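A short reminder: the numbers here are calculations on the coordinates, not readings from a lab. Model, not experiment: these values are computed from the prediction.
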Amino acid sequence: MSRHRAPDGDDETAYLPRVNDEPPPVIPGPTAGLPVIPGPPAAAPTPTAERPTPRPSPRPAVAQPTPAPTSPPPAPTVTVSFQPAPDAAATALIPAVSSLDPETTGLLGAVPPAPPRPDEPPAGDGTPAEPPKPRRGERIVKLRPEQTDEGYKSVYSELTRPTVGSRIRTGVRGLGEVMITFGVIVLLFAAYEVWGTTAVIGDHQNDLDQQLAQDWDQPEGAPVVGPSPSASPGLGPPTGIARLYIPKLDKQWVVVEGVTQKAIRYAPGHYPNSADPGQIGNFSVAGHRNRATFWRLDELKVGDAIVVETKKEWFVYKVTRSHIVKPSAIEVVAPVPGRPGVKPTTAMLTLTTCNPKFDNYQRLIIHAQLSREQARSEGRPAELG
């Protein structure tokens, strides 16, 4: 404390508190006992002689009571106050907002922290946070599949329920997929029968043609290469006996002996009990209905030429009839077609194949009668160009 005398030299003094002498009193309240944040260091006190002239307080000066008239009037007392500078002790009374609990910070106007979310990691004690309970009218759906006694269930199996209409649609969809798959398989098989077997049959026909040419080029009396045409028909590898030409279809084949599945797999086959080419009787030949063999046989009309080539002769036949019969109608290959047991008087040619295309519940029959014959030494017949 410092003493300042009044202007009139009285002993009356005014007490002026120093700024840094004593800390201000601590106000009890919710902030008492909270952690203290250290403030800036206090400034050194300024000497009394160098202090600036204090500003008078805005409050009016309090006048002392007037003494009795017997004594001289006392000098008035003037109270001067100063604005205290901020002190570390004073600023330490305001704690940091982040270190207070929500109840305390609510008094200071701070926003309390949000509660933890259910998908956040558990608290420090290791206890996972409890998921929020659904309110009335709400439903919590798990997006990830969960394992149950019946298997894994996901959001789709939980939310969808099978009905009669859905089961019917599922059955129709499955049947449609099966039918599409079956249709694709049938188309692939048909494509193989139409185009795939053509190349295979063409290769075998080339081999048969070369073998037949070698047999025909051998001189008379020379041993025959391979089995003879009439020996054990249907046994062993098929052997060519003649060449068959249809000029209208621009097709030609090597005819083998036998009508077994193995014999006619890659070539038309000669019925073993029928007549030979050019002889009196019925020279009957069977073939598959594929693009490499008798695919277009139904295009032949009455009068079209069919040429058969043997080792020494050319035989030209003319179509006389085209018709469809049942597979059991074996009389079409009789010596006189359609008249079993009748003795033949002319040379005939009969071609048989399956009908319709891609099926075999019928037979397509082409009958032709020998028109003329020509020696091979005279060249190709005019019907072949």
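Points to keep in mind about this one:
- Stretch gain in nm, segment Gln218-Phe358, where the contour uses 0.36 nm per residue and the Cα spacing is subtracted: 46.3 nm
- Taking 0.36 nm per residue of separation and subtracting the current Cα-Cα distance, fully stretching the chain between Thr163 and Asp203 would add 8.5 nm.
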